[in-house]
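Below is one structure; the comments refer to it alone.
Only the coordinates and a few stated rules stand behind these numbers; no lab work does. Keep in mind the model is a prediction, meaning the values are calculated, not measured. Cβ: placed from backbone, ideal geometry, glycine included. Neighbour counts: every protein chain shown.
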Amino acid sequence: MQAGQRVLLVEGRSDAAALRAAAVTTGTDLSGTTILVLDGATNVARAAATIPSSAPVGALVDVAEQPMVRRRLTETGRPEAPLFVCVDDLEDELIRALGAEQALAVVTQEEDLRAFRSLQHQAAWRDEPVERQLRRFLGSGSGRKSRYAASLAAATPVDRTAGPLLAALRWSVSGP
């Protein structure tokens, strides 16, 4: 981490992948920002302790993790750190921003439509809205979450970029 760099904490690799893809789509230069993957929001205090006190810190978090992340950042001396909150989670934000029809087009492009249709036919998911089915699908399967986070973010038009991603990107390039 270089002096003066901003640090953006993210819960997992899929969050980092989505941020990087959204940065490309929006033309945002993240060279002045370190994206620090926590490998779970519960690791926020440990990660914050490794960051120089002079470095501005922000965090992209799921709504359920917001109170705990705020508490841990406050305990580590960073009560002012902005939180960019995903409702319910990043996958939900990405699906909502792109729209279910376009998200299905990405699933087709990734050659996973057959696997998605299989999930749709399962009794537990048959009557659920397609957005919930997509969210479940993205969270299952090895590496699928990161792959789709990047693909969905890259497929989303700039003017529809998920709010928390856009806010995190804007913060990443704002002045001190």
Of 24, 125, 74, which is farthest along the charge dipole of the chain in the positive direction, counting Lys and Arg as +1 and Asp and Glu as -1 at C-beta? 74
How large is the charge dipole for segment 1-140, taken about the Cα centre, if only the Cβ atoms of Lys, Arg (+1) and Asp, Glu (-1) carry charge, to the nearest 20 debye? 340
Reduced to Cα centres, the span from segment 33-74 to segment 126-154 in Å works out to 25
Using a simple charge model, +1 on the beta-carbon of Lys and Arg, -1 on the beta-carbon of Asp and Glu, nothing else, what dipole does segment 73-167 show about its Cα centre, in debye to the nearest 20? 300
In order over segment 53-66: 3J(HN,Hα) from phi, Karplus 6.51/-1.76/1.60, θ = phi - 60°, whole Hz, x for each Gly or Pro, gives 4, 7, 7, x, 10, x, 8, 9, 9, 7, 4, 5, 8, 3
Which residues qualify? For residue 9, with a placed amide H closer than 5 Å and at least 5 residues away or on another chain, they are 36, 58, 59, 60
Once the dipole of the chain is set up with Lys and Arg at +1 and Asp and Glu at -1 on Cβ about the Cα centre, which of 98, 167, 12 lies farthest towards its positive end? 12
Per-residue Cβ neighbour rank within 10 angstrom, fewest leading, 72, 117: 117, 72
Just one of [x] 60; [y] 52; [z] 65 is percent of Cα pairs over 20 Å apart calculated from these coordinates, so which is it? [y]
